[in-house]
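The values are calculated or read from the model by the stated rules, or taken from the named source; none is laboratory data. Here the structure is a predicted model, which means the values were calculated and not measured. Please note: Cβ atoms are built from the backbone with ideal geometry, for glycine as well, and neighbour counts cover all protein chains shown. All accessible areas refer to the heavy atoms of the entire protein, side chains included, with ligands and DNA or RNA removed. Shrake-Rupley method; radii C 1.70, N 1.55, O 1.52, S 1.80 Å.
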Amino acid sequence: MSGHPVQLEASWKARVGAYLQRPEMQALGAFLRAEKQAGKTIYPPGGEIFAAFAHTPFDRVKVVILGQDPYHGAGQAHGLCFSVRPGVPAPPSLVNVFKEIRSDLGIAPPGHGCLTAWAERGVLLLNTVLTVEQGRAASHRGKGWEGFTDHVIDVLNDGREHLVFLLWGSHAGSKASRIDSRRHDVLRAPHPSPLSAHRGFFGCRHFSRANRYLAEHDQVPIDWSLPPLQAGLRTDR
């Protein structure tokens, strides 16, 4: 992906940066540049494609939440799966995530959908596909991102111990075979989408189960509460 205006956070670059030089990633970079030159709007903006890695360095990862592809509506995606920019209403799937947290841990919904605080506490908010064309869900599937994010999962699986992987939905669940469940905790549930949340996402108690596993392995549990948005924070972007 040479020429792409994106830099990986240093700890991740040391571990997965070489993968970006592979021919299929160079082809992906060329595809993204051509789409932009054709006047198409791509989300998230270039500087935020790798935001999940910037907010959660390799050695700070405790929990991995695996999403599918970024939100494709204007002003939503900012590089963290399920998260939206400050001031943007929480999408339905995220509303259901907050409902489950309330049921599981008694934490009230935060009134916004920005999950940056989770990322900074050790939750890697990773989509399996990192870009999307405006208004066209899944438009960048099969273009090369899946191999890269598989590689990220492999590096975490091999290089860390006692992580928690939250795999919601069949797409994320298909990655379970890449993870050594003897060394990590793999929790699967239906996707929190309104179409499927009632099939077992509600009641999965993944948040308390993740914290219990972390505590059992001498790690500080995740604070799943979210602070209110800072006063004066721009919400018009």
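Annotations for the structure displayed:
- In this simple spin-label approximation, Glu24 and Thr41 carry label points 7 Å from Cα along the Cα→Cβ vector, and these lie 3.1 nm apart.
- Across segment 202-218, coupling constants 3J(HN,Hα) worked out from phi with the 6.51/-1.76/1.60 Karplus curve, θ = phi - 60°, read 5, x, 6, 6, 5, 6, 5, 5, 4, 5, 5, 5, 4, 4, 5, 10, 6 Hz, and Gly and Pro carry x.
- Residue among Trp118, Cys204, Pro194 farthest towards the positive dipole end of the chain, charges placed on Cβ: Pro194
- Remark: the Ser193-Asp180 segment gains 2.0 nm on full extension, using 0.36 nm per residue and subtracting the alpha carbon distance.
- Cα-centre dipole for the chain with unit charges at Cβ (Lys and Arg positive, Asp and Glu negative), debye to 20: 340 debye
- Förster radius 25 Å - calculated FRET efficiency between Val95 and Gln134 (Cβ-Cβ, nearest 0.05): 0.65
- Were the residues from Ser11 through Val155 laid out at 0.36 nm apart, the gain over their Cα-Cα distance would be 50.7 nm.
- Taking only Cα atoms of segment 107-237, radius of gyration then Dmax in Å: 16.3, 46
- Exposure check, 1.4 Å probe, all protein chains in place: Ser196 carries approximately 20 Å² of accessible surface.
- Candidate residues Asp218, Asp185: accessible-area rank, largest first, probe 1.4 Å: Asp218, Asp185
- Of the listed residues His112, His217, the order by accessible area with a 1.4 Å probe, largest first, is His217, His112.
- When the chain is described by a simple charge dipole with +1 on each Lys and Arg Cβ and -1 on each Asp and Glu Cβ, the residue from Ile49, Ser225, Gln134 located farthest towards its positive end is Gln134.
- Debye, to nearest 20: dipole size of segment 58-193, +1 on Lys, Arg Cβ, -1 on Asp, Glu Cβ: 200 debye
- For Arg136, the accessible area of its heavy atoms, probed at 1.4 Å with every protein chain present, is near 120 square angstrom.
- Of the listed residues Leu195, Leu94, the order by accessible area with a 1.4 Å probe, largest first, is Leu195, Leu94.
- Potential lengthening between His162 and Asp218 on full extension [0.36 nm per residue; Cα-Cα distance subtracted]: 19.2 nm
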